[in-house]
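A.B. asks: Here it is, the structure in full.
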Amino acid sequence: MKKNKGILSLVVAVVLIGLLGFTAVTGFGKGHIGSARNIKLGLDLAGGVSITYQVKNENPTESEMKDTIYKLQKRVEQYSTESSVYQEGDDRINIEIPGVSNANEILDELGQPGSLYFIAQTGSDGKANYEQVNATGDTAVDYKLSKTLEELKADGSLVLSGTDVKSARAETREDQTTKAKENAVSLIFTKEGTKKFADATKKAHEARESIGIYYDGSFVSVPNVNNVIEDGKAEITGSMSFEEADTLASTIRIGGLQLELEELRSNVVGAQLGEQAISTSLKAGAIGLAIVFLFMIFVYYLPGLAASLALLIYTELVIVILNAFNVTLTLPGIAGIILGIGMAVDANVIIFARVKEEMARGKSVRNSLKTGFKKAMSAIVDGNVTTLIAAAVLWFRGSGTVKGFAQTLAIGIIVSMFTALVITRMIVYAFYAVGLRSEKLYYRAPKKEHGTIDFLGKRKLFFVISIAMVVIGFVFMGVNGSQGKGAFAYSLEFEGGTATNVAFNKDYSIEEIDKEIVPVVEKVTGDSNVQTQKVAGTNQVIIKTVTLELAQREALNRAMTDEFGVDESKITAENISSTVSNEMRKDAVIAVIIATICMLLYIWFRFKDIRFATSAVVALLHDVLVVLTFYAVARISVGNTFIACMLTIVGYSINATIVIFDRIREELHYQTRSTDLVEVVNKSISQTLTRSIYTSLTTFVMVAILFVMGVSSIKEFAAPLMMGIACGAYSSVCITGALWYVMKAKIGQKK
C-alpha cells in the first residue's frame, strides 16, 4: 500500500514538473497563457511608453514640481510599480511606464492632469455659480458655469481645490434600507480641506444646495449635500456603475496636482538594457540552477535529488505566478527571485543537515527524515516569516522600485516555503516508499568528525575587523566628498543628468547602440553608466548621461556628427531630474525602518529574549554598512539597483541569523546551572556552519554567474550583491552569536 502511495507521489511530482514546465515554456492557447514570454518586463528590460507633459503654470516653483512629480508617481503605479516620473528641464515632467506599448490608451486612462475645484452653488451675491443646460438632464455634463473661474475665486465660491483632497477611491456597498448594491466614491480630505469642507457643507446644507466638482473645463459631478460633514470624510453616491465611480475617483486624484499639465509628446521607447540583458540573465540563471542541482545531489545524495526536483518546481511556479498576478519584472525584481532561490536552497539545506545529524546518532532513515523535517520547521518558518514581514512592509510603504522588489520577494518566499516543506517532503518520502531505503543513499559518515570551533574566543578580533571595515567606509565617503566627487558615485537616477535626443540616419538596434554608440558617448562624457532608449518607429535614440556642461554637450554633438554623420540641428538636450525623488527615498527609508522594527518585534516574540532581536538587527546594520563601504571604495554606481541590492542583503542577512539563533534556542532548552554559555554558542554555530557555508555558496554561485555573463549594468548590480552575501555569511557566523553572548553574559547578569 505504502509502495503504491509512493509511486503515486512520484507520478504526481513528475506530472507537476511537466505541466508547470510546459506552461512556463510554451503556455496554453494562441495567447500562450502562463508562459514566460507573457511576463510583463520593466522599462529596463523591455521598454514601454514615455510621456512628456508641459506645465501650463508660469514659473512653477521647485516645491510645486516635486509635489506634482510625487503625486503622478503614485498615480502611474497602477500600471506598474516600476513606473518612473522625473523632471525634464525647468517646466516639463516625464513619465515612463514599462510593459505597455499603446501611448494613446495610457493617455486616455491616465487623464489630462488639470485643475480640480469644488464650487458652491451660489455666490456671496446670491446668484447661481452654475446652472443646468438641459432641464431634463441629471448628469454632471448637463451643467455649465455662470461665471468665470477668476470671478468665482474672487467671490470665495471655490470652496476647495484638488490639493485639499487626500485620497479618493471607488467602493461598492450595500444600502442599509433596500439592501441593494450601490457604487460610491469615498473621499478623505487633508487637515485644511476638512475645515474648508465642513464650512462649505454647512452652508450648502442650510440652503439645501449642491457643491459642484469641476475639473479641467467641465463638471464631473454635482452632488447634493445631505448633511454637514465635519470629519473630513465624504461620499459621492448616485446611479453610476463601478467603472464610472472609479473614473470619477481617478479624476479627483489626478486633479489634486498643484500644477496644470498638457501633453507635449509621447513615445514608445525600447529597453534600456536591451535583449542581451534578458538572454544573458536567463542563461546565467539556468547555469546557476544546474550547478546548484549538481551540488545538492553531490552533498546530500537522494534527498539532494528530491530538493533539486522541488527547486525545479519552485522556478516554474514563480514564472506562472508572475504571469497570474501580472507582476512587472525588472532588474531589481530578478534580485528578489535570486533571493527566493537562495532561501529555497537554504530551507532544504537546513532540513537535510538535520537529517544527517539524526542519522549520525544511529537513527533509522525513516526516523531521521521524520525528525529532520520536524526540527527544521521552526528555523525555516521563523526565517521566512521574518523576511516576509519585511517584504510586506516594503510593499505597503515603499514606492517604485522598492514596491516591485517586495512583490517578487514575497512571491519567492511563499513558494520556497511551499516547495521545501511540502514538495521536497513528498518526493523524499516517495523515494523511501518505493524501496530506496539504503542508508548509503541518504548519508555517509564522514571520515573525521569536526569538533566544536571556538568562535567566541576570537570575538574581539571579529569585532575589530567589522568596526574597521565600517570606519574605512566612512573615511572614503568623507575623502570622496571633500574632493568634490561625492560620497558615492551617484547615477542619474539619484542625481539627475542630461537627456540627449539624437536622430540618426539609420535605425539602430539596441545591441548596435550598446556596441557602437555607447562607447563613443562614454569616451566623450566620461560617464561609464550611460543609459539609452530607442524611440519605436523612428531613428531617434535618447541618451541619458550625468549632467553635461555646455562644452561637454557641444563635444557630444560633434562626436555624433563626426562618427555617425547625424544632422546636428536634430540633436536636442534637456537636463532631467533624478527618477528616485526625495519623497521616494524617504518612503524607502521609512519602509526599511518600519520593517526592521517589525522584524525585531517578531524575533523578540518568537525567541522570548530581546537580546536575540537586538543582536540580529545590529548584525543587519553591520552588513548594510559594510556593503556601503564597498560602494564607496569601489565607486560602484549608486542607482535604482542600489536600493534593491541593499534590500536583498537585509532579507538574506536576517534569514542566515535566524538559523543560528534557532539552534541556540534549542540548546538552551537543555541547559542546567552548570551549562557554559560559551559552549552553547560555539556548539550552535559549529553545528550550523556547513549550512551557512552551503547556503551562502549556492546563492553566491547564482549571482557570480550573473556577474560573469551579464552586461555592464548587471555586473554593477551583481558585484555588491556578492559582497553582501559574503558579508551576511560572515556576520551570521562570527558576529551575531558573539553579540548575543556579550549581552546575555556581560550586560545585566553574570555568566
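A.B. asks: Scan region 522-537 for residues that are over 15 Å from Gly639 (Cβ atoms), without any contact (Cβ under 8 Å) to a residue 40 or more places away in the chain and out of contact with any Leu (no Cβ under 7 Å at 6 or more places or on another chain) and report the count.
C.D. replies: Qualifying residue count, region 522-537: 3.
A.B. asks: Continuing with this model, one more query. What do you reckon, is Ser378 among the polar types (S, T, N, Q) and more than 24 Å from the chain's Cα centre (by Cα)? Spell out how you get there, then give the answer.
C.D. replies: Details: among the polar types (S, T, N, Q): yes; more than 24 Å from the chain's Cα centre (by Cα): yes.
Judged against the criteria, Ser378 is a match.
A.B. asks: Restricting attention to region 395-405, and to residues there that are assigned to a helix (DSSP H, G or I) and modelled with pLDDT under 75, which single residue is surrounded by the most Cβ atoms within 10 Å (Cβ to Cβ)?
C.D. replies: Residues of region 395-405 assigned to a helix (DSSP H, G or I): 395-397, 401-405.
Next, from what is left, pick out any that are modelled with pLDDT under 75: 397, 401-405.
Working: Arg397: 19, Thr401: 28, Val402: 26, Lys403: 23, Gly404: 31, Phe405: 33.
Checked region 395-405; the qualifying residue surrounded by the most Cβ atoms within 10 Å (Cβ to Cβ) is Phe405.
A.B. asks: Considering each of Thr538, Thr572 in turn, give the residue that is part of a loop (DSSP other than H, G, I, E, B), closer than 20 Å to Glu96 by Cβ and open to solvent by 20 Å² or more (accessible area, probe 1.4 Å). Talk me through it step by step, then tell me what you get.
C.D. replies: Working: Thr572 fails: part of a loop (DSSP other than H, G, I, E, B).
That would be Thr538, the only listed residue that is part of a loop (DSSP other than H, G, I, E, B), closer than 20 Å to Glu96 by Cβ and open to solvent by 20 Å² or more (accessible area, probe 1.4 Å).
A.B. asks: Ok, one more. Consider Ala392 against the criteria (1) under 38 Å from the mean Cα position of the chain (by Cα); (2) among the small types (Gly, Ala, Ser); (3) closer than 30 Å to Asp676 by Cβ: it satisfies all of them except one. Which criterion is unmet?
C.D. replies: (3)
A.B. asks: Checking Thr408 against (1) more than 24 Å from Gly651 (Cβ to Cβ); (2) open to solvent by less than 40 Å² (accessible area, probe 1.4 Å); (3) not small (Gly, Ala, Ser), only one condition comes out false. Which one?
C.D. replies: Of (1) more than 24 Å from Gly651 (Cβ to Cβ); (2) open to solvent by less than 40 Å² (accessible area, probe 1.4 Å); (3) not small (Gly, Ala, Ser), only one is false for Thr408: (1).
A.B. asks: Hey, another quick one. For region 152-160, state whether one or more residues are buried (at least 20 other Cβ atoms within 10 Å of the Cβ) and free of Cβ contacts under 8 Å to residues at least 40 places away in the same chain.
C.D. replies: Yes - at least one qualifying residue is present in region 152-160.
A.B. asks: Does Gly526 count as open to solvent by less than 30 Å² (accessible area, probe 1.4 Å), out of contact with any His (no Cβ under 7 Å at 6 or more places or on another chain) and closer than 30 Å to Leu625 by Cβ? Give the steps one after another, and end with the answer.
C.D. replies: Values: open to solvent by less than 30 Å² (accessible area, probe 1.4 Å): no; out of contact with any His (no Cβ under 7 Å at 6 or more places or on another chain): yes; closer than 30 Å to Leu625 by Cβ: yes.
So Gly526 does not fit the description; no.
A.B. asks: Kindly list, by first and then second residue, each pair from a residue in region 46-70 that is under 13 Å from Glu88 (Cα atoms) and touching a residue at least 40 places away in the same chain (Cβ under 8 Å) to a residue that is basic (Lys, Arg) and surrounded by fewer than 18 Cβ atoms within 10 Å (Cβ to Cβ), limited to pairs with Cβ atoms under 8 Å and residues at least 6 apart or on different chains.
C.D. replies: As it stands, the answer is Ile51/Arg265; Thr52/Arg265, since those pairs meet every condition given.
A.B. asks: Next question. Looking only at region 98-112, decide whether some residue is within 25 Å of the chain's Cα centre (by Cα), at pLDDT 70 or above and either in a strand (DSSP E or B) or hydroxyl-bearing (Ser, Thr, Tyr) (or both).
C.D. replies: yes
A.B. asks: Give region 635-659 a look and list any residue that's part of a loop (DSSP other than H, G, I, E, B) and among the hydrophobic types (A, V, I, L, M, F, W, C), or say none.
C.D. replies: Within region 635-659, Ile636 is the sole residue that qualifies.
A.B. asks: Quickly run through region 478-516 and pick out the residues that are part of a loop (DSSP other than H, G, I, E, B), open to solvent by 20 Å² or more (accessible area, probe 1.4 Å) and under 14 Å from Phe564 (Cα atoms).
C.D. replies: As a first pass, look at region 478-516 and keep what is part of a loop (DSSP other than H, G, I, E, B): 483-488, 491, 496, 504-509.
Keeping just the survivors that are open to solvent by 20 Å² or more (accessible area, probe 1.4 Å) gives 483-488, 505-509.
The answer is Asn505, Lys506, Asp507, Tyr508.
A.B. asks: Which residue out of Ala430, Ala410 is in contact with a Leu (Cβ under 6 Å, 6 or more places away or on another chain), of a type in the set (Gly, Ala, Ser) and under 25 Å from Leu312 (Cβ atoms)?
C.D. replies: Numbers: Ala410 fails: in contact with a Leu (Cβ under 6 Å, 6 or more places away or on another chain).
Every option except Ala430 fails the conditions.
A.B. asks: What residue, of Thr648, Thr629, is polar (S, T, N, Q), buried (at least 23 other Cβ atoms within 10 Å of the Cβ), touching a residue at least 12 places away in the same chain (Cβ under 8 Å) and in contact with a helix residue (DSSP H, G or I) (Cβ under 9 Å, 6 or more places away or on another chain)?
C.D. replies: Answer to the selection: Thr648.
A.B. asks: Something else now. Please go through region 607-619 and pick out each residue that is without any contact (Cβ under 8 Å) to a residue 40 or more places away in the chain and part of a helix (DSSP H, G or I).
C.D. replies: Within region 607-619, Ile610, Ala613, Val617 meet the criteria.
A.B. asks: Pick from region 196-215 the residues that are out of contact with any Pro (no Cβ under 8 Å at 6 or more places or on another chain) and under 15 Å from Tyr130 (Cβ atoms): which of them is most open to solvent (accessible area, probe 1.4 Å)? If you could, list the steps in order and put the result at the bottom.
C.D. replies: Keep residues of region 196-215 that are out of contact with any Pro (no Cβ under 8 Å at 6 or more places or on another chain), which gives 196-209, 212, 214-215.
This time we only want the ones that are under 15 Å from Tyr130 (Cβ atoms), so: 200, 204, 207, 209, 212, 214-215.
Working: Ala200: 12, Ala204: 5, Ala207: 54, Glu209: 27, Gly212: 0, Tyr214: 27, Tyr215: 23 Å².
That would be Ala207.
A.B. asks: Right, next: Out of the residues in region 199-211 that are touching a strand residue (DSSP E or B) at 6+ places or on another chain (Cβ under 9 Å) and part of a helix (DSSP H, G or I), state the one that is farthest from Ile252 (Cα to Cα). Write out each step before concluding.
C.D. replies: Going through region 199-211, the residues touching a strand residue (DSSP E or B) at 6+ places or on another chain (Cβ under 9 Å) turn out to be 199-201, 203-204, 207-211.
Applying the additional criterion that residues be part of a helix (DSSP H, G or I) yields 199-201, 203-204, 207.
Working: Asp199: 20, Ala200: 18, Thr201: 18, Lys203: 22, Ala204: 20, Ala207: 25 Å.
In this case the residue turns out to be Ala207.
A.B. asks: Right, here's the next one. Cβ-Cβ distance below 7 Å, separation of 6 or more or different chains: which pairs start in region 723-748 with a residue that is modelled with pLDDT of 90 or more and end on one that is among the charged types (D, E, K, R) and open to solvent by 10 Å² or more (accessible area, probe 1.4 Å)?
C.D. replies: Ala738/Arg459; Trp740/Arg611
A.B. asks: So which residues in region 1-13 are open to solvent by 100 Å² or more (accessible area, probe 1.4 Å) and either within 17 Å of Ala310 (Cα to Cα) or in contact with a strand residue (DSSP E or B) (Cβ under 6 Å, 6 or more places away or on another chain) (or both), if there are any at all?
C.D. replies: Leu8
A.B. asks: Among the residues of region 411-425, write down those that are open to solvent by 10 Å² or more (accessible area, probe 1.4 Å), touching a residue at least 60 places away in the same chain (Cβ under 8 Å) and within 18 Å of Ala595 (Cα to Cα).
C.D. replies: Within region 411-425, just Ile411 meets the criteria.
A.B. asks: Read through the list (1) within 30 Å of Lys66 (Cα to Cα); (2) touching a helix residue (DSSP H, G or I) at 6+ places or on another chain (Cβ under 9 Å), then give the number of the only condition that Ile229 fails.
C.D. replies: (1)
A.B. asks: Just the residues that are open to solvent by less than 20 Å² (accessible area, probe 1.4 Å) and either of a type in the set (A, V, I, L, M) or modelled with pLDDT of 75 or more (or both), please, taken from region 318-328.
C.D. replies: Result: Val318, Leu322, Val327.
A.B. asks: Residues in region 527-544: is at least one within 30 Å of Ile389 (Cβ to Cβ) and aliphatic (A, V, I, L, M)?
C.D. replies: Step one: list which residues in region 527-544 are within 30 Å of Ile389 (Cβ to Cβ), which gives none.
The answer is no; no qualifying residue exists.
A.B. asks: Here are Ile95, Ile33, Ile39: which of them is modelled with pLDDT of 70 or more, closer than 26 Å to Thr408 by Cα and open to solvent by 30 Å² or more (accessible area, probe 1.4 Å)? Step through it out loud before you land on a result.
C.D. replies: Values: Ile95 fails: open to solvent by 30 Å² or more (accessible area, probe 1.4 Å); Ile39 fails: open to solvent by 30 Å² or more (accessible area, probe 1.4 Å).
Just one listed residue meets the conditions, Ile33.
A.B. asks: Please work out if Ala595 is of a type in the set (A, V, I, L, M), closer than 24 Å to Thr736 by Cα, open to solvent by less than 50 Å² (accessible area, probe 1.4 Å) and over 19 Å from the mean Cα position of the chain (by Cα). Even if it seems obvious, please write down each step before you answer.
C.D. replies: Details: of a type in the set (A, V, I, L, M): yes; closer than 24 Å to Thr736 by Cα: yes; open to solvent by less than 50 Å² (accessible area, probe 1.4 Å): yes; over 19 Å from the mean Cα position of the chain (by Cα): no.
Taking the combined requirement at face value, the residue does not satisfy it.
A.B. asks: Let me ask something else. Return yes when Val428 is buried (at least 23 other Cβ atoms within 10 Å of the Cβ), at pLDDT 90 or above and farther than 30 Å from Ser80 by Cα and no when it is not.
C.D. replies: Yes: the conditions hold for Val428.
A.B. asks: Restricting the search to region 711-727, which residues are surrounded by fewer than 24 Cβ atoms within 10 Å (Cβ to Cβ) and either of a type in the set (Val, Ile, Thr) or outside any helix (DSSP H, G or I) (or both)?
C.D. replies: Within region 711-727, Val711, Ile714 qualify.
The values are calculated or read from the model by the stated rules, or taken from the named source; none is laboratory data. A quick note: this is a predicted structure, and the numbers were derived from the prediction, not measured. Every residue, glycine as well, gets a Cβ built from its backbone with ideal geometry; the counts of neighbours run over all protein chains shown. These accessible areas exclude ligands, DNA and RNA; they are computed on the full protein's heavy atoms, side chains included. Shrake-Rupley method; radii C 1.70, N 1.55, O 1.52, S 1.80 Å.
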